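A.B. asks: Supplied in structure tokens, the structure appears directly below.
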Amino acid sequence: MSEQSERAARRQAQRQATLERNEAQARRQQKSTVRRRSALIAGISVLVVGVVVLVVFLVTRTSPPTKPSGPVLTKQTLAKVANASATAQGDGGAWVTDDDRDLLIRFDPSTQHTGPSVHLGGRPVDLLLSGTHLWVAEMVTNDVQEFDAATLKLVRTVAVPSGPAGLAILDGALWVASVDANQVTSINLANGLKGNVLPVPGGAVRIAAGFGSLWVTGTTNTLTPITPGDHGTGTVLPAVTVGQAPIGVTTGDGSVWVANSAGGTVSRVNPKTRTVISTDHVGGNPLSLAVVGDTVYLADGSGQSVRTIYPAPVSKKLDLGVTPRLLLPVDGGIWVASANPGRVLEVKPG
């Protein structure tokens with residue numbers, strides 16, 4: 001090969017080597033670009049996922065959980081009187097006391113028709129049906145009157161301590177809470193004879209029976225248990241401190257329930273240990289309670305309403321347009337004796 005040919009071959013080899021180096025460098029740059037692009041895409045993906053997770057977290061944290069709705073309550077009028085203070089139902093009949101006109105009245109809840117009535121001594125405030133007889137507590141005359149439920153004929157009048165305000169039945173006896181005297185009296189349902197009169201240091205406003213005992217709301221923010229004995233006797237046990245100005249009391253679903261009118265609370269008491277399980281703020285002016293199955297109803301005097309307070313979810317307040325006084329469990333709902341104007345209302349889940 002001539003010198004000239006050798007020089008040409010070297011130049012061609014150099015050009016080829018340079019071309020290969022350039023191609024290799026280009027491939028390296030391309031791979032680097034691909035790697036950077038892949039890394040960038042991966043980083044963006046991680047960032048997007050992180051943002052989505054953050055948004056979901058913030059939404060689920062700040063958005064309140066959907067609350068299940070409680071029972072919807074409905075109402076209907078069963079009777080109209082001047083002022084309904086208490087009501088009773090059973091054995092195909094229905095009765096209401098009117099403490100404005102001092103009457104015991106029989107009525108038909110299906111037609112709102114008020115039937116026969118009997119005049120009472122003065123201010124009937126509570127009413128109970130026991131078998132075929134009605135018992136009425138009258139505050140002005142300080143007695144309890146017994147009537148035949150079918151005929152409204154007076155059977156007997158039993159004098160009790162001053163201010164009878166609440167009635168309960170337990171162990172074959174009628175128990176009467178007298179608010180002025182701070183005493184509880186037993187009356188034999190069979191013969192009308194009085195048993196012992198029991199002083200209640202904490203006061204005696206309303207009374208309920210349940211779990212083998214009597215439960216008496218007092219004038220000193222207390223609930224007093226009483227265990228009945230033989231022949232109308234009883235033992236007054238140490239009082240349980242509840243809320244302010246307890247009035248209404250009832251038993252059911254494993255507890256004793258107390259409406260504290262001044263404090264706007266309801267106290268739940270364990271009947272075995274006689275201790276307060278909880279005191280829940282419900283607001284308003286709690287006056288009366290009733291337990292229907294496992295549902296606790298509460299009447300608010302100032303709010304003129306009724307609602308369920310246990311179990312959750314509870315109902316919304318049902319506006320009554322009248323002032324509720326006493327509640328009576330009837331057929332899966334409650335009857336409400338009310339005033340201003342006087343009505344007997346039926347309230348039940350719709």
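Every number here is computed from the coordinates shown, using simple stated rules; none is lab data. Everything quoted here is computed from the prediction, not taken from an experiment. Ideal geometry is used to build each Cβ from the backbone, glycine not excepted, and the neighbour counts take in all protein chains shown.
A.B. asks: Mind checking the full-extension length gain between Gln244 and Ser110? Use 0.36 nm per residue of separation minus the Cα-Cα distance, one decimal, nm.
C.D. replies: 44.3 nm
A.B. asks: Could you give the length gained on full extension between Thr132 and Thr227, defined as 0.36 nm per residue of separation minus the Cα-Cα distance, in nm? Show your work: numbers first, answer last.
C.D. replies: Details: separation 95, 0.36 × 95 = 34.20 nm, distance 2.63 nm.
Stretched fully, the Thr132-Thr227 segment lengthens by 31.6 nm.
A.B. asks: If you put +1 on each Lys and Arg Cβ and -1 on each Asp and Glu Cβ, how big is the dipole of segment 162-287 around its Cα centre, in Debye rounded to 20? Before the final figure, lay out the partial values.
C.D. replies: On the way: 5 positive and 5 negative charges, 18 e Å.
Here the size comes out at about 80 debye.
A.B. asks: From the P(r) of segment 94-188, could you give the percentage of C-alpha pairs in the tail past 22 Å? Show your work: numbers first, answer last.
C.D. replies: Values: 1028 of 4465 pairs.
That fraction is 23 percent.
A.B. asks: Under a straight-distance cross-link criterion of Cα-Cα below 19 Å, which aspartates and glutamates are reachable from Lys272, leaving out those fewer than 8 residues away in the same chain?
C.D. replies: Hits, sequence-local ones excluded: Asp171, Asp253, Asp294.
A.B. asks: Spin-label point model (7 Å from Cα, Cβ direction): what's the Asp294 to Asn196 distance in nm?
C.D. replies: 3.8
A.B. asks: Rounded to the nearest 0.05, what FRET efficiency do Ala262 and Leu237 give with R0 = 30 Å and r taken as the Cβ-Cβ distance? Could you check? Walk me through the numbers on the way to the answer.
C.D. replies: Numbers: r = 24 Å, r/R0 = 0.81.
Result of the calculation: an efficiency of 0.80.
A.B. asks: Distances longer than 20 Å among the Cα atoms of segment 259-315: what percent of all pairs is that? Walk me through the numbers before you get to the answer.
C.D. replies: Working: 330 of 1596 pairs.
Summing the P(r) tail past 20 Å for segment 259-315 gives 21 percent.
A.B. asks: Which pairs in the list Lys80/Lys153; Lys153/Lys317; Lys153/Lys348; Lys80/Lys316; Lys80/Lys194 are over 28 Å apart, alpha-carbon to alpha-carbon?
C.D. replies: Details: Lys80/Lys153 23 Å; Lys153/Lys317 40 Å; Lys153/Lys348 33 Å; Lys80/Lys316 25 Å; Lys80/Lys194 35 Å.
Cα-Cα > 28 Å for Lys153/Lys317; Lys153/Lys348; Lys80/Lys194; rest within.
A.B. asks: 7 Å from Cα along Cα→Cβ at both Thr74 and Val140: what's the point-to-point distance in nm?
C.D. replies: 3.9
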